[in-house]
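First the structure, in the form of structure tokens, and then the observations on it.
Where a number appears in this text, it was derived from the coordinates with a stated rule and is not lab data. Note that the structure is a prediction, hence the values are computed from the model and not measured. Glycine also receives a Cβ, built like all others from the backbone with ideal geometry; neighbour counts cover every protein chain displayed.
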Protein chains: 2
Amino acid sequence: MELTILGCYSATPRPKTRPTSQILSIKNHLFLIDCGEGTQVQLRNCKIKFSRIKHVFISHLHGDHYFGLIGLISTFLLLGRETEMHIYGPKGIKEVIMLQLKLGKSWVNFPLTFHELESKDSEIIFEDEKVIVQTIPLKHRIYTNGFLFKEKIGDRKVDIDSVKENHIDISYCQKIKKGFDVINEKGVTILNENITFNPDPPKSYAFCSDTQFYPACIPIIKNTTVLYHESSFLDEHEHLCAATRHSTAKQAAEIAKQANVKKLILGHYSTRYPNIEKFKTEAKQIFKNVELAKDGIVFKI
Amino acid sequence: MELTILGCYSATPRPKTRPTSQILSIKNHLFLIDCGEGTQVQLRNCKIKFSRIKHVFISHLHGDHYFGLIGLISTFLLLGRETEMHIYGPKGIKEVIMLQLKLGKSWVNFPLTFHELESKDSEIIFEDEKVIVQTIPLKHRIYTNGFLFKEKIGDRKVDIDSVKENHIDISYCQKIKKGFDVINEKGVTILNENITFNPDPPKSYAFCSDTQFYPACIPIIKNTTVLYHESSFLDEHEHLCAATRHSTAKQAAEIAKQANVKKLILGHYSTRYPNIEKFKTEAKQIFKNVELAKDGIVFKI
């Protein structure tokens, strides 16, 4: 799993800061998470082959999280995209995208499906053989979801040496990976546990932006491998959290601690701070394994 | 008059090219002309105090000409703008902007007025004491207008030496500027023409993007000081003009020649060309005074 931070700053524009957008590479998918203004150019900057993006997850309908989506769709159109595309986001997103396409007389020539969200409970919104995605209801000024991306438990790992020692035909490998016992060339049943190792533990990534301090999300993100949690403010501006419904670095760390995640990534910094290192310093007072999101960097998960 | 090119490339995104947007500084106004994605960041890059923008002119509803507008309005909102703002653009622009504000529960706290255009004839859309703005109907895939910005004839210039020689009280200056004759300290009537010079000839700027070769616009832009005309293609791709309804550099030059403008600025280059100098070379075969728009540069008019 690999997370590319395309942008990680809050709304007010600065020449060198970009609004929220991320690419999660997971089990051969390229998931786009949020899509602030200018995301398509940043995808180019980061040399991401964006025709591979089929699923876009939009947390909420504040502009710094989705104003770049219509530009990206329009570009797909110009480039003659034919591959299907799925957009998961709050109710209303279909209307606004379709209205803009209609006004530009720009009809998409690829299947474009909207999965509009309005539930206040966590729900599974995507699932295939290897990955499952569910919403993380958050608390912001408007209806907002985070997203939890989980790998499913993989196949068992075949112990090739044991397979040979036990005189098993290698054509049984797929069956062995799936956990079955097999009969060897001598007609003896060999137990699966004797010829396989456990699969890697599945990894998970939780994206939580934007939200006020909201411990109700903890049961959903419990034991997550990596949590990205917004930290718009430093402690000195904690008084701004109530009206804006954002979090401080310390509050993000408190969520990480209570959820027992392995690593916390901070982002969505207010552009009032010239130096973001203080976010790390403050969060570390509560939770040890903290990293700072920065535009353009990649985290291996 | 001063024209700042914020962006001058066509739609397909590249890391270093920006879609159409310009700032025209004219008689104490900062007019924003078109507003492609990322315009607000480019305004910052060009150090333009964007709270001074009160009038925005949108040529047509293709994304590379207006997807940045909602982001700019949202930023005005965040910054607590109170000054009025006027948007001139095709019918539909109000619906799309208001829908996005509604979905974000982002109500503007400043007077925001839409002047929706649907006429196929040229019309005056803005006028004050010093400036007049009228539409230039163009021919593109969707309803599109260019805009003609004209200074009005200014006050007459007072010849201070003649005023003194003629024993005229200087409190008459305002009256003299307006063209009136005055009576001097000896009771003699002094003719205005003897104590003033002609005002500077009024300047004008015509913005024509996007359009196919469309000589019907020539009577409107006749004798304009500076014409910006789109040139999406070089001669080798002239065959693409019919389907896309764009122009070549030569066609832009032909319009400039027939309209007898003083200077032609080319722009809206397709991003397929690594070197834009050829646009100038080809246009110069038809019309001599050609300049190339480039992102971030300023033309004195």
task: Counting only DSSP beta bridges with both residues in chain B, tell me the antiparallel percent, nearest 5.
output: 55 percent
task: Just give me a number: lysine pairs in the range B:132-196, eight or more positions apart or cross-chain, with C-alpha atoms less than 19 Å apart.
output: 11
query: Mind checking the angle between helix A:93-103 and chain A's longest principal axis? C-alpha axes, 0 to 90 degrees, to the nearest 10.
result: 70 degrees
- line: What a careful reader reports for the chain B Cβ nearest the rotation axis onto chain A, distance rounded to whole angstrom, is B:GLY38, 2
- prompt: Taking a threshold of 27 Å on the Cα-Cα distance, which of the pairs A:LYS262/A:LYS294; A:LYS284/B:LYS105; A:LYS284/B:LYS49 fall above it?
  reply: A:LYS284/B:LYS105; A:LYS284/B:LYS49
- line: Surrounding charge for B:VAL290, neighbours by C-beta under 9 angstrom, Lys/Arg +1, Asp/Glu -1, total +3
query: Taking the range A:62-103, which GluC sites (Glu not before Pro) meet the DSSP loop condition and have no more than 15 other C-beta atoms within 10 Å?
result: A:GLU82, A:GLU84
task: Relative to the longest principal axis of the C-alpha atoms of chain B, give the angle of the C-alpha long axis of helix B:69-78, reported between 0 and 90° and rounded to the nearest 10°.
output: 70 degrees
query: How well do other chains shield peptide B:3-16, expressed as the mean number of their Cβ atoms within 10 Å of each residue Cβ?
result: 3
message: Are there any trypsin sites (Lys or Arg not before Pro) in the range A:114-173 that are in a DSSP loop and have at most 11 other Cβ atoms within 10 Å? List them by number.
response: A:LYS120
task: Report, to two decimal places, the Cα Rg of the range B:8-63 normalised by 2.2 N^0.38 Å (N = number of residues).
output: 1.13
- request: Two decimals is fine: what is log10 I(q)/I(0) at q = 0.27, 0.33 Å⁻¹ for the range B:157-197, from a Debye sum with one equal scatterer on every Cα and no solvent?
  value: -0.87, -1.37
field: Kirkwood Rh, angstrom, chain B [1 / mean 1/r, Cα pairs]
entry: 20.8 Å
statement: Cα-based Debye curve of the range A:188-301 sampled at q = 0.14, 0.24 Å⁻¹ gives log₁₀ I(q)/I(0) of -0.56, -1.38
field: Computed [θ] at 222 nm, helices only, for the protein assembly as shown once each DSSP H run of length n ≥ 4 contributes -39500 (n - 2.57)
entry: -5500 deg cm²/dmol
query: What's the Kirkwood radius of the range A:203-255 in Å, using all Cα pairs?
result: 11.3 Å
- prompt: Given label points at 7 Å from Cα along Cα→Cβ, what nm distances, shortest first, separate A:TYR273 from the same residue in every other copy?
  reply: 4.6
field: Calculated FRET efficiency for the pair A:LYS102/A:GLU129, C-beta based, R₀ 51 Å, to 0.05
entry: 0.90
- line: Note: B:96-109 gets an average of partner chain Cβ contacts (10 Å, Cβ to Cβ) equal to 4
message: For a quick check: with amide H placed at 1.01 Å from N, whose amide H comes under 5 Å from A:ILE297's, ignoring anything fewer than 5 positions away on the same chain?
response: A:ILE5
Global geometry of the range B:60-143, whether rounded, prolate or oblate, following the gyration tensor of its Cα atoms and the 1.5 cut on a/c: oblate
Histogram of C-alpha separations across the protein assembly as shown, 10 Å bin width, %: 3, 15, 22, 19, 15, 11, 7, 4, 2, 1, 0, 0, 0, 0
- request: Return the aspartates and glutamates within reach of B:LYS27: Cα separation strictly under 14 angstrom, same-chain partners fewer than 8 residues apart disregarded; answer none if there are no such residues.
  value: B:GLU2, B:GLU127, B:ASP128, B:GLU129, B:GLU151, B:ASP155, B:ASP200
- request: Give the angle, between 0 and 90 degrees and rounded to the nearest 10, that separates the Cα long axis of helix B:249-259 from the longest principal axis of the Cα atoms of chain B.
  value: 30 degrees
query: In nm, what does the list of distances from B:LYS186 to its counterparts in the other copies look like, shortest first, when each label sits 7 Å along Cα to Cβ?
result: 13.7
message: Assume the label is 7 Å from Cα along Cα to beta carbon: what separations in nm does B:LYS257 have to the matching positions in the other copies?
response: 7.7
task: Would you mind computing, in nm to one decimal, how far apart the modelled labels at B:GLU118 and A:GLU277 are, each placed 7 Å from Cα along Cα→Cβ?
output: 6.0 nm
Shielding by other protein chains, B:118-127, mean Cβ within 10 Å: 0
Local electrostatic count, A:HIS65, Cβ distance below 13 Å [Lys/Arg +1, Asp/Glu -1]: -3
